[in-house]
Amino acid sequence: MTTASVRLPEHLIHPFAPAGRADPHPAYRWLRANDPVHFDAASRLWLVTSHADCATVLRDPRFSAAQGQRERARDDELPPSMLTTDPPDHHRLRAPGALLLGPAAVRPLGAGLAADVDALLDALPVDRPVDAVADLGRRLATAVYARLFGLPAAEFTRFEALARAASVNLDPMVPPARAALGRSAAGALTHYLDRHTTRLLADGVAVPLTALAADDRLSRAEMLGILNLAVIGGWQPLAEFIGNALHLLLPDRAAVARLAAADEDAARLAVDELLRLEAPIPFTARVTTDRVELNGGVLPAGARVLAVLTAANRDPEVFADPDDLRLDRSPNPHLGFGGGPHFCLAAPLVRQTAALLLPRLVRRFPALRGPAGAPAWDQCLVPRRLRAFPLELGPAAPDLAPAPDLAPALRCPHPGFEESR
Ligand code: HEM
């Protein structure tokens, strides 16, 4: 095995080191330019950083997701999910997943989600600072799952607690004790989803979850594996994406104005550009089943590989001015949703939902500002996220602010936002 590793120059901090996690981009930039298929001696992982090579890692069948994802902490009692299987078995699990997250399942949710977003904005606290992560991102994510899973408002707090605890499983490098907690949280989440599904089916509730649960191509355990993956793989990345996006957006007042004026298509382009620059899932794991020659170097069979999506997303071979925010960037072949057979099944839903929230937010609060100075990034590697992002809302645009006496009524569509605060 060729493991003679190139070292990062002294002035750059390793992207996994505590200080490097705050801003991994300089190290990734150097790796992409100087050693795009890099053996990292500390983690014994291969870091692949160019766009072309990451796309190959995601698409080429010699890179096994089944073996790559198995390294993550997970509940061993769960059946394999679509993310932990390779084709052809992967296809068997993914096809029914469309009942939960495919375009036909998601399109009818649009009007309800728009109402949820308006209710969320109406309910923003006026008596304390607003936080982009806690008050916007998490609530948006929970509203999405409420629509997909038919969660009643009274369940929001419990669901969020389970989703947050189980999300620890996303980060392959958490210390063993936290990984063990994440595993047991994933188990608790599965039991919760099991009971919830039984209740919904008994009550004849028609939501995407019950369409999936009624499909006989999957065993009950496989169906629960998909629900579990959807929560662990999606709730926190979606929640964190909103903070990451506002952190990029707010300092650029021209971009804020552009987003405020954006129609639906322009807003979706903007969402893709924000995802490109700060991907909440910065890398994903695979294992080679054979020796593979990439443009940037050779991988032996059995190599544990990270496709560093966030590095690929700033590759100057593909993106002009890759570190700049250009909300109208098109085409934008970023890898923030992955690529190939495991491409994020919820990408249309994420685009649709974020494109509802972000323009409405900046239209309603034209003077919206984030904190001055460096943002506080969390130490967690996956998802990449801010610890907090306090916002100054400023006055609401007069024609978009709820009239004071109407505000409580307007909150009715989703009273759960009140309860889960
Ligand atoms: C901003 C939010 C999100 C981002 C950045 C994101 C990103 C990703 C990425 C990078 C992958 C590919 C992983 C790999 O190849 O190893 C993926 C897969 C997946 N995502 Fe998302 N995701 C997001 C939200 C969601 C949501 C909200 C859901 C569900 C409601 C979801 C469901 C899934 C599923 C089921 C897969 C596995 C697909 C497969 O293996 O075939 N994601 N996502």
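Here are some notes:
- Within region 178-191, restricting attention to residues that are surrounded by 20 or more Cβ atoms within 10 Å (Cβ to Cβ) and at pLDDT 90 or above, the residue that is farthest from residue 236 (Cα to Cα) is 190.
- Filtering 138, 178, 147, 164 for residues that are assigned to a helix (DSSP H, G or I) and over 18 Å from the mean Cα position of the chain (by Cα) leaves a single hit, 178.
- Taken together, the residues in region 132-177 that are open to solvent by 30 Å² or more (accessible area, probe 1.4 Å) and of a type outside the set (A, V, I, L, M) amount to 10.
- Residue match in region 276-296 (condition: acidic (Asp, Glu) and over 30 Å from residue 363 (Cα atoms)): yes
- Lone unmet requirement of (1) among the polar types (S, T, N, Q); (2) within 13 Å of the ligand (Cβ to nearest atom); (3) outside any helix (DSSP H, G or I) for residue 310: (3)
The rows are residues; the columns are (1) part of a loop (DSSP other than H, G, I, E, B); (2) within 9 Å of the ligand (Cβ to nearest atom); (3) open to solvent by less than 10 Å² (accessible area, probe 1.4 Å).
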| residue | (1), (2), (3) |
| --- | --- |
| 217 | yes, no, no |
| 222 | no, no, no |
| 234 | no, yes, no |
| 239 | no, yes, yes |
| 243 | no, no, yes |
| 247 | no, no, no |
| 254 | no, no, no |
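- Members of region 303-346 found to be farther than 29 Å from residue 97 by Cβ and free of Cβ contacts under 8 Å to residues at least 24 places away in the same chain, listed by number: 316, 320, 321, 322, 324
- Qualifying positions in region 277-327 - open to solvent by less than 10 Å² (accessible area, probe 1.4 Å) and of a type in the set (S, T, N, Q): 288, 310, 313
- The number of residues in region 378-401 that are open to solvent by less than 40 Å² (accessible area, probe 1.4 Å) and within 16 Å of the ligand (Cβ to nearest atom) comes to 8.
The values are calculated or read from the model by the stated rules, or taken from the named source; none is laboratory data. Here the structure is a predicted model, which means the values were calculated and not measured. Glycine gets a Cβ as well: all are built from the backbone with ideal geometry, and neighbour counts include every protein chain shown. We work out accessible area using only protein heavy atoms, side chains counted, and drop any ligands, DNA or RNA first. Shrake-Rupley method; radii C 1.70, N 1.55, O 1.52, S 1.80 Å.
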